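S.K.: Quick one: the structure is below, and I'll ask about it shortly.
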Amino acid sequence: ATTLGASAAQTGRYYGAAVAAGRLGDATYTGILNREFNSVTAENEMKWDATEPAQGRFTYANGDRILNQGIAMGAKVRGHALLWHQQQPGWARSMSGAALRNAAINHVTQVATHYRGRIHSWDVVNEAFADGGSGARRDSNLQRTGNDWIEAAFRAARAADPGAKLCYNDYNTDGVNAKSTGIYNMVRDFKARGVPIDCVGFQSHLGTGISGDYQANLQRFADLGVDVQITELDVAQGGNQANIYATVTRACLAVARCTGITVWGIRDSDSWRTGENPLLFDNSGNRKAAYNSVLSAL
Ligand code: XIL
């Protein structure tokens, strides 16, 4: 096939992009999106600060724009993200204890209910583990409400939208390391205790190298009985960019339960990693070497 989405579909997978509602009026951007991708993720528009700017007042206009773009394309829509320590509205940032826990679970219930039946996979909890060698949870206002906040969020999401796959999503998990092992142990525990979890997202914000056990790490999670997805892929520009993109693509294809790949933007000029040129299309929307390398690997 001649596009990323159609090529991924040949093995039952999707190839997606993070989309910004504010760019949908850009014809070059939307042209590439419509042509190449069969999954979309809202880059910011479904986050807590965007969807509940004041407590109990929900705003879905921009999230719905992304959803409707995805529906119009016949694409899968990934929901990102119900709970995260970043991009919380100010009112939540200043809360704690039971009040915060209740507000957080209400947020999960309300947003997942609004999008019920439309979301392929939700990132229910994003980035809850610490970097470094501890393998422990990250300190945050949410973590301080009690270690069970993650499973409470997954149970609330399942009740609100039983059809969505529920994912835990994180970064610096691109190989077997202390952080990914901490997450692995949580997922194993959730599966053993019947906490509803269906998938693990590997953001894969990569530099100029990739861990030799990237695929083995995906496989060990899949072996726990969850799907795995590459959820926010971007790779620093450098001599290895095309090769690293190919390595990630081949790793996903080699893991039966790796169901799709999402790149975190379309053109380099759309990327949050300003100046790193980490995406598949250049600023003018032309295919880069990394694009050709992904297409031939799919
Ligand atoms: C980023 C967006 O790309 C930026 O536009 C925003 O300013 C900050 O967030 N991990 C995630 C994503 O889970 O939500 C982040 O997205 C990138 C890191």
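The values are calculated or read from the model by the stated rules, or taken from the named source; none is laboratory data. The structure presented is a predicted model; accordingly, all values stated were derived computationally and were not measured. Cβ coordinates were reconstructed from backbone atoms using ideal geometry, including for glycine residues, and neighbour counts include every protein chain displayed. These accessible areas exclude ligands, DNA and RNA; they are computed on the full protein's heavy atoms, side chains included. Shrake-Rupley method; radii C 1.70, N 1.55, O 1.52, S 1.80 Å.
S.K.: Please list 3J(HN,Hα) in residue order for the stretch 111-120, calculated via the Karplus relation 6.51 cos²θ - 1.76 cosθ + 1.60 where θ = phi - 60°; whole Hz, with x for glycine and proline.
M.R.: 3J(HN,Hα) across the stretch 111-120, in whole Hz: 5, 5, 5, 4, 9, 3, x, 10, 9, 5.
S.K.: Now for a different question. Quick check: at a probe of 1.4 Å, how many percent of the accessible area of the stretch 129-219 sits on carbon and sulfur atoms?
M.R.: That fraction is 48 percent.
S.K.: A further question on this structure: I want to check the label-to-label distance for residue 216 and residue 283. Put each point 7 Å from Cα in the C-beta direction and report it in nm to one decimal.
M.R.: 4.1 nm
S.K.: Calculated FRET efficiency, residue 9 and residue 181, Cβ-Cβ r, R0 30 Å, to nearest 0.05?
M.R.: Result of the calculation: an efficiency of 0.35.
S.K.: Just subtract the alpha-carbon distance of residue 98 and residue 61 from 0.36 nm times their residue separation and send over the number in nm, one decimal.
M.R.: Result for the pair: 10.4 nm of gain on full extension.
S.K.: I'd like the orientation of helix 178-193 relative to the chain: the angle between its Cα long axis and the longest Cα principal axis, in ° from 0 to 90, rounded to 10.
M.R.: 60 degrees
S.K.: Through the Karplus equation 6.51 cos²θ - 1.76 cosθ + 1.60, θ set to phi - 60°, convert the phi angles of the stretch 159-173 into ³J(HN,Hα) values in whole Hz; use x for Gly and Pro.
M.R.: 5, 7, 9, x, x, 8, 6, 9, 10, 9, 10, 7, 10, 6, 10
S.K.: In square angstrom, what is the accessible area per residue of the chain with a 1.4 angstrom probe?
M.R.: In whole numbers, the chain has 37 Å² accessible per residue.
S.K.: Between residue 208 and residue 253, take the C-beta separation as r, use R0 = 22 Å, and let me know the FRET efficiency to the nearest 0.05.
M.R.: 0.45
S.K.: Taking the Cα atoms of the stretch 176-244, what is the range of coordinates along each of the three principal axes, in descending order and whole Å?
M.R.: 45, 19, 16 Å, listed from the longest principal axis down.
S.K.: Quickly work out the residue 91-to-residue 192 label distance, labels modelled 7 Å from Cα along the C-beta direction, and quote it in nm with one decimal.
M.R.: For residue 192 paired with residue 91, the spin-label model returns 4.0 nm.
S.K.: First obtain the Kirkwood hydrodynamic radius of the stretch 1-93 from its Cα pairs, then insert it into the Stokes-Einstein equation at 4 °C and 1.567 mPa s, and state the resulting D in µm² per second as a whole number. All intermediate terms of the calculation are to be shown ahead of the outcome.
M.R.: Working: Rh = 14.0 Å.
The Stokes-Einstein estimate is 92 µm²/s.
S.K.: Separate question: Which whole-Hz ³J(HN,Hα) couplings does the stretch 240-247 yield from phi under the Karplus relation 6.51 cos²θ - 1.76 cosθ + 1.60, θ = phi - 60°, glycine and proline marked x?
M.R.: In residue order, the calculated couplings are 9, 4, 5, 5, 5, 4, 5, 4 Hz.
S.K.: Okay, moving on. How about the stretch 206-298: which chymotrypsin sites (Phe, Trp or Tyr not before Pro) there lie in a loop by DSSP and see at most 16 other Cβ atoms within 10 Å?
M.R.: On the way: sites: 214, 221, 245, 264, 272, 281, 291; in loops: 264, 272.
In loop regions of the stretch 206-298 (DSSP not H, G, I, E or B), the sparsely surrounded chymotrypsin sites (Phe, Trp or Tyr not before Pro) are 272.
S.K.: Something else now. What is the distance in Å between the Cα centres of the stretch 2-53 and the stretch 249-296?
M.R.: Using only Cα atoms to place each centre, the spacing works out to 12 Å.
S.K.: Report, ordered by chain and residue number, the aspartates and glutamates lying within cross-link reach of residue 165, taken as a straight Cα distance under 13 Å and ignoring same-chain residues fewer than 8 apart.
M.R.: 123, 198, 227
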